[in-house]
1. As I understand it, the dipole of the range 69-122 uses +1 on the Cβ of Lys and Arg and -1 on the Cβ of Asp and Glu, about the Cα centre. Which of ALA96, MET74, ASN112 lies farthest toward its positive end?
2. Distance in nm between label sites at THR67 and GLU22, each 7 Å beyond Cα in the beta-carbon direction?
3. Sum -39500 (n - 2.57) across every DSSP H segment of at least 4 residues in the chain, then divide by the residue count to get the 222 nm mean residue ellipticity, nearest 500.
4. Given a Förster distance of 35 angstrom, what is the FRET efficiency for GLU202 paired with ASP117, based on the Cβ-Cβ distance and rounded to 0.05?
5. Which order do VAL142, VAL162 fall in if you start with the one that has the fewest other Cβ atoms within 10 Å?
6. Once you have the Cα-Cα distance between ILE98 and ARG6, take 0.36 nm times their residue separation minus that, and quote the gain in nm to one decimal.
7. Share of Cα-Cα pairs in the range 12-103 beyond 24 Å, in percent?
8. Principal axes first, then extents: for the Cα atoms of the chain, list largest minus smallest coordinate on each axis, whole Å, largest first.
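None of the figures in this text is laboratory data; all of them are computed from the coordinates on show. Because the structure is predicted, anything quoted here is derived from the model rather than measured. Every residue, glycine among them, receives a Cβ derived from its backbone with ideal geometry; neighbour counts consider all protein chains shown.
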Amino acid sequence: MTDEQRAENLALYERYRTPPKEALKEITGGRLKGMTDISPMWRIQALTEAFGACGAGWWLECIERWTEDFGEEMACFVTLALYYRYKTKEGEERRAVIQGTGGAMLLAKEKNGLHADDEAYKKAWTDAISSCCKQLGIGADVYWGAGSKYTTTEKTIHPSLVEKLRAKFIEYKIDEKAVCERYGLQKLDDLTDEKYKALYAEWDEVRATLSGLNG
C-alpha cells in the first residue's frame with residue numbers, strides 16, 4: 001500500500017477522530033463515574049457533515065431488537081444498519097453499510113424497588129449508533145485514550161445471565177471454551193456487557209462455527 005492509498009483510506013478516520021471539547025462530557029455517576037463520554041449529537045453532526053442529511057446521505061435501519069432478563073432485571077438491545085453514500089475517485093456514487101449493536105437497562109433494581117425506563121430503547125438505539133460510528137473512526141481518540149469509558153475495566157454481566165448462556169450453549173452444543181477464546185476470556189464469567197452484546201449480535205455465526213466442537 002502506498003502512502004497515498006493509506007492517506008485516502010484514513011481520510012474520514014483522521015477527519016473525525018478527535019471530538020471537540022464541547023462534545024465531551026464527564027460521567028458523574030454510576031460505575032463509569034469519572035470517565036469520558038461523547039455527545040450523541042456530535043456523532044449526528046459528523047455523519048451529516050461527511051455524507052449529507054439523514055435520510056438522504058445516510059440513514060438507519062433496525063435489524064433486530066430484543067430483551068434479555070436476569071433475575072428481576074431486564075435489558076434491551078438493538079442492532080442497527082447504518083447506510084451511507086460516498087463517491088469513488090472516479091465520481092461514481094456508491095452505498096455502504098455498517099452494523100452496530102447497543103443496549104440499555106429496561107428494568108433495573110434500585111433502592112426503592114424496580115424502575116422501568118421508558119427511554120431504554122432510545123438509549124439502546126443511541127448506543128448502537130455510537131457502535132457504528134466507532135467503526136468509521138468517529139471519536140477514535142476517546143476510544144483509544146485513557147480515561148474513556150471504553151478503556152476502563154468493564155462491568156461483567158450478571159451471574160444469572162452467564163448461567164442462561166451456558167444453558168443455551170448446552171442446548172445448541174456450543175463449545176464454551178471456544179466461545180471464551182473467540183472473545184478473549186479466561187472463563188465465561190468474565191464476559192463484559194460490551195462482549196455480551198457482541199456475542200448476541202454474532203449469535204448465528206457462533207452457532208454455525210462453534211457448535212459440536214466439544215464432542
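1. ALA96
2. Distance between label points: 3.9 nm.
3. Details: 9 runs with 85 residues, N = 215.
The per-residue figure over the chain is -11500 deg cm²/dmol.
4. Numbers: r = 26 Å, r/R0 = 0.74.
Efficiency computed from Cβ-Cβ geometry: 0.85.
5. Details: VAL142 22, VAL162 18.
Least to most surrounded, the residues fall as VAL162, VAL142.
6. On the way: separation 92, 0.36 × 92 = 33.12 nm, distance 2.07 nm.
Extra length available between ILE98 and ARG6 comes to 31.1 nm.
7. Percentage above 24 Å: 40.
8. For the chain, the Cα extents along the three principal axes come out at 52, 47, 32 Å.
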